[in-house]
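So the structure is just underneath, and the comments pick up after that.
The values are calculated or read from the model by the stated rules, or taken from the named source; none is laboratory data. Keep in mind that this is a model prediction, so the values were computed, not measured. All Cβ positions, even for glycine, are placed from backbone atoms using ideal geometry, and neighbour counts span all protein chains on display. What goes into the accessible areas is simple: the full protein's heavy atoms, side chains included, and nothing from ligands, DNA or RNA. Shrake-Rupley method; radii C 1.70, N 1.55, O 1.52, S 1.80 Å.
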Amino acid sequence: MNPSLDSLVHVNLGKSVYATLRDALAAGRFQPNDRLRIRELALQLGTSVTPVRDAMLQLVQEEALVLRSPRDFRVPVLSVARYLEIRALRLELEGLGAFEAAQRIDDATLADLERLLQANEDAIARHDLAAALQCNQAFHLGLAQAAGMPTLKRFVDHLWMQTAPLIAAGYASFSPDMRVGHHHAILVALRQRDGAAARRAIEQDILDGGTQMLAYVMRQERLHGAGGAEQHAEQDKEEHDKHDRH
């Protein structure tokens, strides 16, 4: 194969693996502290280990994964302080995005958001939480996209990738309002071109869902805090050593 074409194939394969892993994280296929094994994922994806490792390193750069050792990639476990920081940033950025979207949104984009909300409700009705989570994320990112502020959308996407597994961990226990109720209010505000109402609705959406997520993070911090963290690290080392022997 021509070297330049070989390089192009490798780049495209890497992008495909990256997109697959990113979608899996967003859909809650992995939970906080889950370990992602390069060889296992390569077998599942039908590829070599190189594009998988490259994709995982890119996700580490985006803070969607953490690298504990050269072979130990994990889904992050957020501290309470880290989670509250991300939530505060989401409130500001997504609030601004909703406000601006209400001023700028066109009928086609509004129809796209309405379809995403309907798809989310359909997924919930058939108990397909993975699909529901993907629709939920797509709605939030679509709202940010509608603001016409590409930098804001990138920041929102970055924050979402850090919290997607956490949202997935709590989504099953969310009330109907926590899942989609505020999205209806957002759409009403967008139709009325009411930026203040759109901002309030997305902020309430983040805060209501955040109640469950904060409780989860606090439980995890109590479980793995201080002395518990050392024991957890030792268990991780034992698991790592056992895996290496096999």
- Would you confirm whether any residue within the range 128-150 is more than 16 Å from residue 101 (Cα to Cα) and either at pLDDT 95 or above or assigned to a loop (DSSP other than H, G, I, E, B) (or both)? yes
- If only one of 201, 196 is over 16 Å from the mean Cα position of the chain (by Cα) and surrounded by fewer than 18 Cβ atoms within 10 Å (Cβ to Cβ), which one is it? 196
- Task: Tally the residues that are in contact with an Asp or Glu (Cβ under 8 Å, 6 or more places away or on another chain) and among the β-branched types (Val, Ile, Thr), restricting the search to the range 31-72.
- Result: 0
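Residue 181 - would you say it is surrounded by fewer than 17 Cβ atoms within 10 Å (Cβ to Cβ) and not in a helix (DSSP H, G or I)? Lay out the reasoning, then the answer.
Working: surrounded by fewer than 17 Cβ atoms within 10 Å (Cβ to Cβ): yes; not in a helix (DSSP H, G or I): no.
Considered against the rule, which asks whether it is surrounded by fewer than 17 Cβ atoms within 10 Å (Cβ to Cβ) and not in a helix (DSSP H, G or I), residue 181 comes out as no.
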- Does the range 66-86 contain any residue that is within 19 Å of residue 204 (Cβ to Cβ) and either surrounded by 16 or more Cβ atoms within 10 Å (Cβ to Cβ) or of a type in the set (Val, Ile, Thr) (or both)? yes
- Any residue in the range 62-82 that's free of Cβ contacts under 8 Å to residues at least 24 places away in the same chain: show its pairings with residues that are in a strand (DSSP E or B) and not charged (D, E, K, R) at Cβ separation under 7 Å, as long as the two are six or more apart or on different chains. 67/73
- Query: Has the range 27-40 got at least one residue that is over 22 Å from residue 213 (Cβ atoms), free of Cβ contacts under 8 Å to residues at least 40 places away in the same chain and open to solvent by less than 70 Å² (accessible area, probe 1.4 Å)?
  - Reply: yes
- Go through 13, 67, 41, 96 for me and flag whichever is modelled with pLDDT of 95 or more and either of a type outside the set (Asp, Glu) or out of contact with any strand residue (DSSP E or B) (no Cβ under 9 Å at 6 or more places or on another chain) (or both). 96
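Looking only at the range 44-64, count how many residues are assigned to a loop (DSSP other than H, G, I, E, B) and either more than 29 Å from residue 149 (Cβ to Cβ) or at pLDDT 95 or above (or both).
3
Please specify each residue of the range 92-133 satisfying the condition of being open to solvent by 50 Å² or more (accessible area, probe 1.4 Å), touching a residue at least 40 places away in the same chain (Cβ under 8 Å) and under 16 Å from residue 186 (Cβ atoms).
Keep residues of the range 92-133 that are open to solvent by 50 Å² or more (accessible area, probe 1.4 Å), which gives 92, 96, 99, 103-104, 106-108, 112, 114-115, 118, 121-122, 125-129.
Restricting the remaining residues to those that are touching a residue at least 40 places away in the same chain (Cβ under 8 Å) gives 96, 99, 103-104, 114, 121, 129.
Within the range 92-133, 96, 99, 103, 104, 114, 121 qualify.
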